[in-house]
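A.B. asks: Take a look at the following structure, please.
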Amino acid sequence: MPPDDVPASTADPALDPVAPRKRARPGERREQILQALAAMLEQPGGERITTAALAARLQVSEAALYRHFASKAQMFEALIDFIEASVFGLVNQIAQREPAGAARAARIVTMVLQFGEKNPGMARVMVGDALVGEHERLQERMNLLFDKLEAALRQSLREGAAGDGVAATPEADAKVAASLLAAFMAGRLQRFARSGFRRSPLDQLAACLARIL
């Protein structure tokens, strides 16, 4: 306990308005920047995000942002890294738990749409709305993500059809169905983003998947 003649403000730094601010742990500021960027992307109809607006939201200088990211494109790349790791981590879990075939493909599609609904800002990145005017390599990465999802769907459907021994042309049928599913996912996420997040990408999902598959 501090002596009686020591003011509380100097005895307890937490109560001292001029006490030095607690130092952020390594990586914490990067996380805060990305969280703020994702939150700004969740604003329906929001304008193109600038580093000035992002810095203002965090109450820091633009120079402080650039100490953690070399450019705004690098910030978006970090968000895309998160999307890829999350989505394909779940795709791998589904592949381990669900036998190949239509059921696995349906679960993958459902998972991607659920991820987008739970992370509206990420959904805007996935369909490219948030990337308009940004570096073209960012859109290329999102195109590649959907290509990889389509490949995972195609493999599951092909293996499932071959195992059932029903389809006469399992490779061709799987290719067509996977292409439809990939376009369906992208379209549902785009509609969700452009509706201001009002139209759920999960609306009548089971009936739609049953029709496609």
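A.B. asks: Specify which of the listed residues (Ala162, Ala186, Ala172, Ala177) is within 25 Å of Glu47 (Cβ to Cβ), out of contact with any strand residue (DSSP E or B) (no Cβ under 8 Å at 6 or more places or on another chain) and among the aliphatic types (A, V, I, L, M).
C.D. replies: Ala186
A.B. asks: Can I ask one more? Could we say that Met142 is touching a residue at least 40 places away in the same chain (Cβ under 8 Å), touching a helix residue (DSSP H, G or I) at 6+ places or on another chain (Cβ under 7 Å) and closer than 19 Å to Leu79 by Cα here?
C.D. replies: Against the criterion (touching a residue at least 40 places away in the same chain (Cβ under 8 Å), touching a helix residue (DSSP H, G or I) at 6+ places or on another chain (Cβ under 7 Å) and closer than 19 Å to Leu79 by Cα), Met142 qualifies.
A.B. asks: Out of everything in the range 161-202 that is modelled with pLDDT of 90 or more and farther than 27 Å from Arg124 by Cα, what residue ends up being most open to solvent (accessible area, probe 1.4 Å)? Show your work before the answer.
C.D. replies: Taking the range 161-202 as the starting set, the residues that turn out to be modelled with pLDDT of 90 or more are 172-202.
With the extra rule that they be farther than 27 Å from Arg124 by Cα, the set shrinks to 172-174.
Details: Ala172: 54, Asp173: 79, Ala174: 4 Å².
Per the stated criteria, the residue is Asp173.
A.B. asks: Just to verify a result, which residue in the range 107-137, among those that are part of a loop (DSSP other than H, G, I, E, B) and open to solvent by 10 Å² or more (accessible area, probe 1.4 Å), is nearest to Ala39 (Cα to Cα)?
C.D. replies: Taking the candidates together, the pick is Asn119.
A.B. asks: Which members of the range 158-194 meet the condition of being over 17 Å from Ala106 (Cα atoms) and free of Cβ contacts under 8 Å to residues at least 12 places away in the same chain?
C.D. replies: If the condition is that a residue be over 17 Å from Ala106 (Cα atoms) and free of Cβ contacts under 8 Å to residues at least 12 places away in the same chain, then Ala162, Gly165, Val166, Ala167, Ala168, Thr169, Ala172, Arg191 are the ones that fit.
A.B. asks: When you go through (1) in a helix (DSSP H, G or I); (2) in contact with a Leu (Cβ under 9 Å, 6 or more places away or on another chain) one by one for Ala172, which number turns out not to apply?
C.D. replies: Of (1) in a helix (DSSP H, G or I); (2) in contact with a Leu (Cβ under 9 Å, 6 or more places away or on another chain), only one is false for Ala172: (2).
A.B. asks: Report, by residue number, each residue of the range 45-85 that is closer than 14 Å to Val125 by Cα, open to solvent by 30 Å² or more (accessible area, probe 1.4 Å) and within 16 Å of the chain's Cα centre (by Cα).
C.D. replies: Gln74, Glu77, Asp81, Phe82, Glu84
The values are calculated or read from the model by the stated rules, or taken from the named source; none is laboratory data. In this text, all values refer to a predicted model and were calculated from it rather than measured experimentally. All Cβ positions, even for glycine, are placed from backbone atoms using ideal geometry, and neighbour counts span all protein chains on display. Calculation scope for accessible area: heavy atoms of the full protein, side chains included, ligands and nucleic acids excluded. Shrake-Rupley method; radii C 1.70, N 1.55, O 1.52, S 1.80 Å.
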